[in-house]
Amino acid sequence: MKMLQRILALYLSTWLLFAPGVINAQTNQSAGESAPQVVNQTPEELQQLVAPIALYPDALVSQVLAAATYPTEIVEADRWVQDHPNLKGKDLANAVDQQSWDPSIKALTQFPSVLANLDKNLAWTSALGEAYVNQSEAVMDAVQVMRARAQASGNLKSNEQEKVVTEEKTIVIEPADPEVVYVPAYDPWVVYGAPVVVWSGWYPYPGLYVDGPGISFGVGFGIGFFAGFGWGWHGWGCDWGHRTVIYNHNTFISNSKTFYGHGGHQGFHDFGAARGYEGFHNSGGERGHEGSHGFEAGRGNEASRGGDVRGNEFHGGAAERSSSEAHAEAGKHSSAFGGYDHGGTTRSYSDRGFSSLHSGGGFHGGGFHR
């Protein structure tokens, strides 16, 4: 009997010694089999993706790229701003500071039209965020390529609103007045000279879009009230040498759980379910494009279907889409984008922003060097 007990004890101790390694190996193998590899986007695709923001001032570009990695916080912040229309200046800054959002999201509350555009074009925003998570250097390169194209076409130059400086091969855009920021309005598909194919499912937002090849500026945004907070304007920038976004003199690292990059899971979790937007539950093949419309419909935003946008003067819908599609047709003949068509390859590319939707997924917040 004692011998049997000793044998049993020896067996158990041996099993306990080696079992963790076996379990970990099995777990790692299972995880490796279930996690698809990230598909990197081509330089042309990235140039198309950054076209709507490439001509923004450097600090605003950095805020948008960082914020795009937190799509659910963009939705939440935009709704919050809409629900607090009377908060202005110092009161707005103090109220925003109390929120749990990532600093990049807080920073964009200074520019409500930019924040609203990211919310309205959520499929594009999410694709932009995913691209920055997985290909940050290539995204920054794409911004410079598009700036060079706009400059060569005569549409990007210094004026009363902004200062454009070329340092070797790097084009830097800064406010002419360090205390007032003007957001340029332009058609991202024609301002760069040779037409760029419209990003499938992208819609113009009032105040940020003008019909024609030029750039215009509206009313400037005073940033003084936000200067006292770490997430304010002066904490952001672009490190073009290392091709990264910077925040408070450090490289920005997104802590968002939305995207899994660098060889891990591609796409983002189903934040439609997390936010209660039934329109997001779309299991069809056209997940990205149609799913985004489902999200818009679920929110009650008729903009993407051709209705008014939150009570302002934009009535663009079908008319704007026909104009955009005309640009896309012209873009087919561009050597840089000749391989794309508005309904085929371009759409499959845009679907990447909505690939791999998982019910029950969640989001969490968080993040930079000059």
Quiz item: Within the set K88/K120; K88/K157; K106/K257, which residue pairs have Cα atoms separated by over 27 Å?
Solution: K88/K157
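Order the peptides 77-84, 236-243 from the highest to the lowest mean number of other Cβ atoms within 10 Å of their residues.
On the way: 77-84: 16.6, 236-243: 19.4.
Ranked from most to least packed, the peptides come out as 236-243, 77-84.
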Exercise. May I ask you to rank L87, L128, L92 by accessible area, largest first, using a 1.4 Å probe over the protein chains only?
Key: L87, L92, L128
Quiz item: Ignoring ligands, DNA and RNA, what accessible area per residue does the range 139-261 give at 1.4 Å, in Å²?
Solution: 42 Å²
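So for K106, K88, what's the accessible-area order with a 1.4 Å probe, most first? Don't skip to the answer; put the middle values down first.
Working: K106 20, K88 140 Å².
Output order, biggest surface exposure first: K88, K106.
What is the percent carbon and sulfur in the accessible area of the range 58-138, measuring with a 1.4 Å probe over the protein chains and ignoring ligands? Could the numbers behind the result be given before it?
Numbers: 930 of 2110 Å².
Carbon-and-sulfur percentage of accessible area, whole number: 44.
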Quiz item: Order of 211-219, 148-156 by packing, highest average Cβ count within 10 Å first?
Solution: 148-156, 211-219
Exercise. Using 0.36 nm per residue of separation minus the Cα-Cα distance, give me the extension gain between I253 and T170 in nm, one decimal.
Key: 27.6 nm
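The values are calculated or read from the model by the stated rules, or taken from the named source; none is laboratory data. Only a predicted model underlies this, so the values are computations on that prediction, with no experimental measurement involved. Neighbour counts run over all protein chains shown; Cβ positions are idealised from the backbone, glycine included. The area values use the complete protein model at the heavy-atom level, side chains included, leaving out ligands, DNA and RNA. Shrake-Rupley method; radii C 1.70, N 1.55, O 1.52, S 1.80 Å.
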